[in-house]
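S.K.: Quick one: this structure, given as structure tokens, is what I'll be asking you about.
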């Protein structure tokens, strides 16, 4: 398969998912609408798409005009039923492309927080391989409304955490792709500091190994779904 990773800045890239994709023998291209350059392949030539996070928000088209192009493309992606997984900003952009609401949380959700699968999530082919309840790394100021016709797959005390739309679109609010080095970069950013950076760094040192195992599990489950979709289309 040819897989496109859509990123929104150097601090939120494919990270853990990159090696997992390449180990399955798939070709991975990383690209951003913000670059103002042509993608490595035509956008409709990709068999599956990943949409990652970023420091901007899904409703900031005036500050980031390229978001309009990305939103329009995501609508086309959903219409074509190309397998897609959105993470953090990515899930919010997918929710908005599907007609859902996106807006700020009363308080940011940053750090390690419990996430619980819904009954539908436990039976889902992508979220189902995860534990029924797990501690997830979060870093977001916005949330989304589950789009009409979508199924909520997970939630935390703060907000919804995952949905599936149809049989090809998934989104998660937490960060299954994050690595320890990536998080160190976020902690070093003075423009978006968590309440206790020292404590979050210490907790991450303890928890990141197990969390990366779950991230690989989630990535593998999505790739399996995408591979089956590609086999049906062949």
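S.K.: Scan the strands (runs of 3 or more DSSP E) fully inside region 134-234 and keep the ones with 3 or more residues being modelled with pLDDT of 95 or more, in contact with a strand residue (DSSP E or B) (Cβ under 8 Å, 6 or more places away or on another chain) and buried (at least 21 other Cβ atoms within 10 Å of the Cβ).
M.R.: Here the list reads 160-165, 169-172.
S.K.: Please state which of the following conditions residue 77 fails to meet, knowing it meets all the rest: (1) part of a helix (DSSP H, G or I); (2) over 26 Å from residue 182 (Cα atoms); (3) out of contact with any strand residue (DSSP E or B) (no Cβ under 7 Å at 6 or more places or on another chain).
M.R.: Condition (3) is where residue 77 drops out.
S.K.: Any chance region 107-121 includes a residue that's within 17 Å of residue 49 (Cβ to Cβ), without any contact (Cβ under 8 Å) to a residue 12 or more places away in the chain and surrounded by fewer than 21 Cβ atoms within 10 Å (Cβ to Cβ)?
M.R.: Checked region 107-121: no residue is within 17 Å of residue 49 (Cβ to Cβ), without any contact (Cβ under 8 Å) to a residue 12 or more places away in the chain and surrounded by fewer than 21 Cβ atoms within 10 Å (Cβ to Cβ).
S.K.: Further question: Could you check residue 18 against (1) surrounded by 14 or more Cβ atoms within 10 Å (Cβ to Cβ); (2) over 18 Å from the mean Cα position of the chain (by Cα); (3) assigned to a helix (DSSP H, G or I) and say which number it fails?
M.R.: Result: residue 18 fails condition (2) only.
S.K.: Residues 9, 100, 90: which one is over 15 Å from residue 144 (Cα atoms) and not in a strand (DSSP E or B)?
M.R.: Going through 9, 100, 90 in turn, just one is over 15 Å from residue 144 (Cα atoms) and not in a strand (DSSP E or B): 9.
S.K.: Among residues belonging to region 24-72 that are surrounded by 19 or more Cβ atoms within 10 Å (Cβ to Cβ) and out of contact with any strand residue (DSSP E or B) (no Cβ under 9 Å at 6 or more places or on another chain), point out the one that is farthest from residue 217 (Cα to Cα).
M.R.: Once the filter is applied, the top-ranked residue is 67.
S.K.: Okay, moving on. Can you name every residue in region 45-58 that is out of contact with any helix residue (DSSP H, G or I) (no Cβ under 8 Å at 6 or more places or on another chain) and within 19 Å of residue 95 (Cβ to Cβ)?
M.R.: 55
The values are calculated or read from the model by the stated rules, or taken from the named source; none is laboratory data. Since the model is a prediction, treat every value here as computed from it, not as a measurement. Note: ideal-geometry Cβ built from the backbone for every residue, glycine included; neighbour counts use all protein chains shown.
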